[in-house]
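The values are calculated or read from the model by the stated rules, or taken from the named source; none is laboratory data. Owing to the predicted nature of the structure, the values given are computational and were not obtained by experimental measurement. Positions of Cβ are generated from backbone atoms using ideal geometry, with glycine treated the same way; all protein chains shown enter the neighbour counts.
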Amino acid sequence: MLRIVLKIDGERIVDLDPVLGYLHRGVEKICENGDWHHAISNCDPLEYAASMFSEAMPVLAAEKLLDLEVPRRAEYIRVLAWELNRVASHALFIGWLALDLGGLTPILYGFIERDEIVEMLAALTGQRVLFNYLRIGGVNGDLNHDFMSRLGDWMGHALHRIEDQQRLLNANEIFVRRTKGLGIVDRDIARRTCLSGPVLRATGVPYDVRRAHPYSVYPELDFEIPTREEGDSYARYLLHLDEIKQSIRIIDQVLHQMPDGPVMAKIPRLLRIPPGRAYISVESPRGQYSCYAMSDGSDQPFRLRIHDPSFFNLQAVGLVMPGNLIADTMAVMASLDPIMGGVDK
Amino acid sequence: MSVITRPWSRLTLAGKIVIPLIFLFVLLNVLLIAGFATGVLPFLGGLLLRIINDNVDIVRFIGAVTALLLFTVPAAFVIIFMELKLIAFVNLRLGPNRQGPWGVLSSTLHGLKVLAKEDFTPTGADVPVFTLAPVVTYLGAVMTIMVIPFAPGLFGIDLNIGLLYFFAVAGLTTIGLIMAGWASFNKYSLLGGLRAAAAIISAEIPLTLAAVGVILLTGTLSLNEIVLRQAGSALDWFVFQQPLGFVVFFIAATIEAGRTPFDMAEADSEIVAGFATEYSGMRFGFFFFAEYVNLFIISALTVTLFLGGWNAPFDIAIVLDRLGIVVDPTLDPGSLGMGLLWLLLLVPPIAILLLALPFWLLRSDWSLLKSLVVGFLLFNLVVMVLVGIWAYMSFPFVAGIFWFLGKTFTLVALFVIMRGTLPRIRIDQLMGVAWKWLIPAALLNIFITAAAIVILRDPSLPWNGGG
């Protein structure tokens, strides 16, 4: 639901103007009218390709305001769900990038990958896309047998699948020529437009919220922050592949280190959040997903300001596109990977 | 007879069809009898025969055009079905599987759906040009089939400038696309039309130049003659004498047919549907069909020029002879006498029973009727295969059609799998490929071919027996 007005000279783009707002639902305002628990499901459809991250916003903010200790098992399950969702989102990214370039097949392979994960998370949370799984003080339900058996199956062939994807695209001359050296985002543009996530890391800046501002149990896990220097669409594509591998590594560790214990902290049934302000952020598949929450002491959020990385990544389009061809719009747009649900909120 | 007295509105659908047919039948009979009695019909028939006799070329032409027009529709349906199913397999999907067995009817139903849709003309469109564009595109595609030899003696017309005619008429398709792009009064259509024009102009030159190598080898432009010159085994096909020409021709043909990875004229992720954006209903259907007919003819031309046309890759009679098997397909039904009647009477039921028996014995959950039905179908299959083999051995044109269509549809399948695998190339990259690589390669091919012909065939050179 993004409209881009192009000013063109033949096939060459002179100027570009993204028109936003077609998917605006006023999620932030809706969140103010329900209580904190409602905010979780209201934030779900913001980032619909990876809603485990957007639904974490009110949860983490409320926990910070409450100064609540979340059970360690719940933290590990959260990390597991987040990383699974990251892989699902990245698999979809690769497919969409190829589809926008005219390749029909990778999107289907990406959807196979995504579907397995989404079914797995459905076994855990009860829903395929909008999970509504995280709770203030923990998660809704412990790991179950169905989920674990699906996860075991998937872990067995996940890396193999990713290599299949790589074989189809990495050395494909057409794909490489359509993406290499295209839509180059340099560090200057990245700084000016507040970029984060894979787009920023593809410019060589190793900034990842999981390491820069650690949250949850990420400090206990061993993983790398892959970076690329080129900053073009192809670098972003390769970076997504690397990140999938790192995520699988994290999932492996989480499964080995998973402690026993409860998955919910003791919280009162009528939850009143103490007045104050809190800023929290997580590393979503698209970058720094953060939230600035204000509470006035009632059971409803006073203000829930959500910072969606897609919106900022989208700003780069206007800076990198002029001078390229119409066909490149798709390659660059797809590689910046904005989710319009989060952009328009 | 109470049906006849019933009012029209109370008739069932079947009655509405049957009753007019009865009246028509009676009327025709009366007319026939009257015609023969007065001698009018024999006179008219004789006149018609004389006219046909006097204008046999024109009649043959009209017949060929009609047959080819009718041929394009099922050919396009087959290719569309192949595309749906093959791309589904590449994508690890099932593909169409609801309409008929394996979804074989899906493409036909696509065609019917297109027929049933509203035919819409946008405001601001240039109506005559807008209406004419799909016709020009489709006819441009169909007219080229005229010169393609399907089998020995089976071609629309054997022009001595067949190849030239092919390239000239295939160029007409481009005009249709530009007309559509311009007349639609739409930005996307215009971009698509211009892209199509740019792509096809870039491809047309290497395509023609790559064919020049074959023309040098054969010394003729007649496609029929070119096929005859490739007779023999697969090693006599021009693909082995013209490998570079074949590669250039294949790539240029992909551009010419507007197939992925060169389908930027209707790039769905960029310019909606390109030149076809504003088209709906059967006008869109014409573009849709033209695309697949184009695919067919471009594969057919590749087969004709480089892959031996209707020639078999090996002479099956020689192979059988080597193996010591003697096959004599000449069958004279008259020599069997009354035996023929017994054969026709006894063989089918016995064969059906024999074929049904194993199913009935081995599958305990199958009823006798089900086994019999399967036996009947199997018997039909066996008979079809046997009749096919007999026809293949007896009539050269059956063998020709078999190999020609087999090769052509294999190439079509290759194009389809390419579509499933490759992303789309950009328009400037396409022009770069065509002008910087294909044209020099085609020129190099002409140079090498010409030099080789002079060296190997010039009688004045010493190694060719000259002095």
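Within the stretch B:89-108, which residues are surrounded by 15 or more Cβ atoms within 10 Å (Cβ to Cβ) and not in a loop (DSSP other than H, G, I, E, B)? Once the filter is applied, which keeps residues that are surrounded by 15 or more Cβ atoms within 10 Å (Cβ to Cβ) and not in a loop (DSSP other than H, G, I, E, B), the stretch B:89-108 yields B:V90, B:G103, B:S106, B:S107, B:T108. The condition (being out of contact with any Lys or Arg (no Cβ under 7 Å at 6 or more places or on another chain), in a loop (DSSP other than H, G, I, E, B) and within 21 Å of B:I298 (Cα to Cα)) is satisfied by just one residue among B:F246, B:F262: B:F262. With respect to the stated conditions, A:G138 fails to be in contact with a Pro (Cβ under 9 Å, 6 or more places away or on another chain) and within 14 Å of another protein chain (Cβ to nearest Cβ). Taking the stretch A:271-345 and the helices (runs of 4 or more DSSP H) fully enclosed by it, the elements with 2 or more residues that are over 19 Å from A:A212 (Cβ atoms), among the polar types (S, T, N, Q) and under 19 Å from the mean Cα position of the chain (by Cα) are at A:309-320.
Can we say A:E75 is part of a helix (DSSP H, G or I), more than 30 Å from B:L422 (Cα to Cα) and of a type in the set (D, E)? Criteria met by A:E75. Restricting attention to the stretch A:1-16, the residues that are over 23 Å from A:F311 (Cβ atoms) and touching a helix residue (DSSP H, G or I) at 6+ places or on another chain (Cβ under 7 Å) total 2. When residues in the stretch B:396-427 are screened for being within 14 Å of chain A (Cβ to nearest Cβ), in a helix (DSSP H, G or I) and out of contact with any Gly (no Cβ under 8 Å at 6 or more places or on another chain), 7 of them pass.
What's the number of the only condition in (1) within 14 Å of another protein chain (Cβ to nearest Cβ); (2) assigned to a helix (DSSP H, G or I) that A:G102 fails to meet? Condition (2) is where A:G102 drops out. Screening the candidates A:V14, A:V79 for the property of being modelled with pLDDT of 90 or more and farther than 24 Å from A:G276 by Cβ yields one hit, A:V79. In this structure, A:M321 qualifies as more than 16 Å from A:E63 (Cα to Cα), in contact with a strand residue (DSSP E or B) (Cβ under 6 Å, 6 or more places away or on another chain) and of a type in the set (A, V, I, L, M, F, W, C). Within the stretch B:138-150, the residues that satisfy the criterion of being more than 13 Å from B:F71 (Cβ to Cβ), in contact with a Phe, Trp or Tyr (Cβ under 6 Å, 6 or more places away or on another chain) and not in a loop (DSSP other than H, G, I, E, B) are B:Y138, B:V147. Annotation note: Cβ proximity below 7 Å between a residue of the stretch B:132-152 that is in the same structural domain as B:F296 (by TED's automatic domain parsing) and a residue that is crowded, with 21+ Cβ neighbours inside 10 Å and of a type in the set (K, R) (sequence gap 6+ or interchain) occurs for B:P134/B:R283.
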